[in-house]
Amino acid sequence: MTGEQENDRCYFCGGKLESRITLLPFVVKDNVVIVKNIPADVCSQCGEAVVSSNVAKKVDHLLKQAQHSGFEMSIVAYPLPAMEMA
């Protein structure tokens, strides 16, 4: 799910959102792409991930690159600045 959250509660179940680095699977046409190291707010109850619009744009770019790779399954890493990985 993408978008700006208005508070620290999950839109779906009301659980508490926690800032984390996560991975998300995507299906692009007939290909599976797993993007790891995505900064997101993740629900502690249901696991739903919420990303900012800036993060979503970068993920979309990664998905387009993976789609052109020709592989049926790809694992790509979201480019985190060195400070975010510490």
Rounded percent of accessible protein surface that carbon and sulfur make up, the chain, 1.4 Å probe: 54
Work out the charge dipole of the chain with +1 on the Cβ of Lys and Arg and -1 on the Cβ of Asp and Glu about the Cα centre, then indicate which of 78, 56, 38 is farthest towards its positive end. 78
Taking Cα atoms, the helix 53-67 axis meets the longest principal axis of the chain at an angle in degrees (rounded to 10) of 20
For the chain, size of Cβ-based charge dipole, Lys and Arg +1, Asp and Glu -1, in debye: 180
All Cα pairs of region 14-86, percent lying beyond 17 Å: 46
Going residue by residue through region 24-35, the Karplus relation 6.51 cos²θ - 1.76 cosθ + 1.60 with θ = phi - 60° gives ³J(HN,Hα) values, rounded to whole Hz and with x marking Gly or Pro, of 9, x, 9, 10, 10, 6, 9, 10, 9, 10, 9, 10
Strictly over 20 Å apart at the Cα level, which of 16/36; 36/64; 29/57; 16/64 would you flag in this model? 16/36; 16/64
Return the long-range amide H neighbours of residue 48 (sequence gap of 5 or more, or a different chain), with a cut-off of under 5 Å between placed amide H atoms. 43
Counting other Cβ atoms within 10 Å, keep those with at most 13, restrict to DSSP loop, and tell me which GluC sites (Glu not before Pro) in region 19-86 are left. 72
Output for region 5-86: trypsin sites (Lys or Arg not before Pro) sitting in coil per DSSP, at most 12 other Cβ within 10 Å, listed by number, reads 29
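The values are calculated or read from the model by the stated rules, or taken from the named source; none is laboratory data. Predicted model, so just to flag it, every value in this text is computed and none were measured. Cβ coordinates were reconstructed from backbone atoms using ideal geometry, including for glycine residues, and neighbour counts include every protein chain displayed. The protein model used for the area step is the full one, side chains on, heavy atoms only, and it has no ligands, DNA or RNA in it. Shrake-Rupley method; radii C 1.70, N 1.55, O 1.52, S 1.80 Å.
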